Ligand code: NAD
Ligand code: UFG
């Protein structure tokens, strides 16, 4: 079974490629390297023991995609390719809608033309918006507060409409909570562009001395210690979730939506404390104003993924902080040596 992995050179995609290979799938990466390095391909070869086929290209390039589907016999697509920075999406909405929404539509056109009607899509907990009560369950109404979030809400809608229009499609929407961690080897991991927006890469860059101290965005939320609570999930567990989704896709037609999280809420200060304890490093921090658009608490109900996909997480919070640090410490310059 051959799986086309769009965005397969990125953070979640690269880990999923390895998990797919271990599960016996053939993989083809399609990526324009707009937010990743070609060097990841060497690391993937090193870790999997064989070169991973890849095609450099953009999901908005219809011709290239048509050629790709003609030249390769693809059974399923896992669609990671997209832009993901919330703040940047507010400044560049046209680029975000073009890349994420138009790109997905172009990919779907190519898939339809080629008769490939299996897709797993990277959605996000961001689609739960700011009006739902935790734990978030898949049937809750979706909404967004920024172009990135709207692009995910729109793509979910598009994919649901496609499934309704033609019962041959099997579509899985995976709503990731907060992915952190890295491969146990320390050879692949998250590569933020510039100063990180997300908490874990910010912490690891403070730990490695690239950044001076962490700024904690608010300690007056209605949470255990006043700081924001999130559901952190190890990227290796997330990768396993995709294999489960593919196996399910093979059996069930129509559109299915699953949360991928642990179901556990962890506050900013709890994550900092876990990082300090398990890595034996101090993370200096100061409390600053809340960040615009943040919600107090976000965690998943994992029941549906457990019941229907047989998905449960295996990695602990300790694994997450230790593996994140190993990656950062071994690769202070990312993939460049
Ligand atoms: P990433 O930026 O590391 O990976 C995305 C990959 O897609 C990159 O390699 C990039 O070069 C590629 N890409 C982007 N636009 C492309 C295009 N037009 N054509 C071809 N390739 C393109 O991001 P990630 O963290 O691995 O996220 C993967 C997916 O998961 C994204 O869709 C993201 O929105 C979603 N997601 C991520 C998170 C998170 O916190 N990391 C949370 C929820 C959902
Ligand atoms: N935080 C800080 N300081 C920082 C960075 C983050 O205190 O320097 C806090 C935030 O306020 C929040 C928590 O750490 O309380 C987590 O923040 P992240 O930016 O790591 O993650 P978010 O939950 O805000 O956003 C992430 C992804 C989004 C996605 C969302 C829901 O970045 O793309 O999860 O899935 F939409």
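Just a few scattered comments:
- Test: residue in segment 22-38 that is within 20 Å of residue 183 (Cβ to Cβ), within 20 Å of the chain's Cα centre (by Cα) and part of a helix (DSSP H, G or I): yes
- Check on residue 204, within 17 Å of residue 275 (Cβ to Cβ), within 9 Å of ligand 2 (Cβ to nearest atom) and in contact (Cβ under 8 Å) with a residue 12 or more places away in the chain: no
- Test result for residue 54, in contact with a strand residue (DSSP E or B) (Cβ under 7 Å, 6 or more places away or on another chain), in contact (Cβ under 8 Å) with a residue 24 or more places away in the chain and over 24 Å from residue 243 (Cβ atoms): no
- Residues of segment 4-19 that are buried (at least 24 other Cβ atoms within 10 Å of the Cβ) and away from ligand 2 (no atom under 16 Å from the Cβ): 4, 5, 6, 8, 9, 14, 15, 16, 17.
- If you filter segment 1-21 down to residues that are under 18 Å from the mean Cα position of the chain (by Cα) and in a loop (DSSP other than H, G, I, E, B), you find that the one that is nearest to residue 109 (Cα to Cα) is 7.
- Test: residue in segment 180-192 that is free of Cβ contacts under 8 Å to residues at least 24 places away in the same chain and more than 13 Å from ligand 1 (Cβ to nearest atom): no
- Verdict on residue 60 being in contact (Cβ under 8 Å) with a residue 12 or more places away in the chain and surrounded by fewer than 21 Cβ atoms within 10 Å (Cβ to Cβ): yes
- Residue in segment 120-127 that is away from ligand 1 (no atom under 11 Å from the Cβ) and part of a helix (DSSP H, G or I) present: no
- Check on residue 66, in a helix (DSSP H, G or I), surrounded by fewer than 23 Cβ atoms within 10 Å (Cβ to Cβ), more than 9 Å from ligand 1 (Cβ to nearest atom) and in contact (Cβ under 8 Å) with a residue 12 or more places away in the chain: yes
- Residues that are within 16 Å of ligand 1 (Cβ to nearest atom), touching a helix residue (DSSP H, G or I) at 6+ places or on another chain (Cβ under 8 Å), farther than 22 Å from residue 325 by Cβ and not in a strand (DSSP E or B) are absent from segment 252-260 altogether.
- Contacts under 8 angstrom Cβ, first residue in segment 255-276 being at pLDDT below 95, partner buried (at least 19 other Cβ atoms within 10 Å of the Cβ) and not in a strand (DSSP E or B), 6 or more apart: none
- Residue list for segment 39-55, restricted to those being in a loop (DSSP other than H, G, I, E, B) and surrounded by fewer than 16 Cβ atoms within 10 Å (Cβ to Cβ): 49, 50, 51, 53
- Within segment 261-293, tally of residues that are within 16 Å of ligand 1 (Cβ to nearest atom), outside any helix (DSSP H, G or I) and in contact with a strand residue (DSSP E or B) (Cβ under 6 Å, 6 or more places away or on another chain): 4
- From the options 150, 176, residue that is closer than 27 Å to residue 1 by Cα, within 13 Å of ligand 2 (Cβ to nearest atom) and surrounded by fewer than 23 Cβ atoms within 10 Å (Cβ to Cβ): 176
- Criterion applied to 129, 139, 115 was being on the phi > 0 side of the Ramachandran plot and out of contact with any helix residue (DSSP H, G or I) (no Cβ under 8 Å at 6 or more places or on another chain), and the one residue passing it is 115.
The values are calculated or read from the model by the stated rules, or taken from the named source; none is laboratory data. These numbers come from a predicted model, not from an experiment. In this analysis, Cβ positions are derived from the backbone assuming ideal geometry, glycine residues included, and neighbour counts consider all displayed protein chains.
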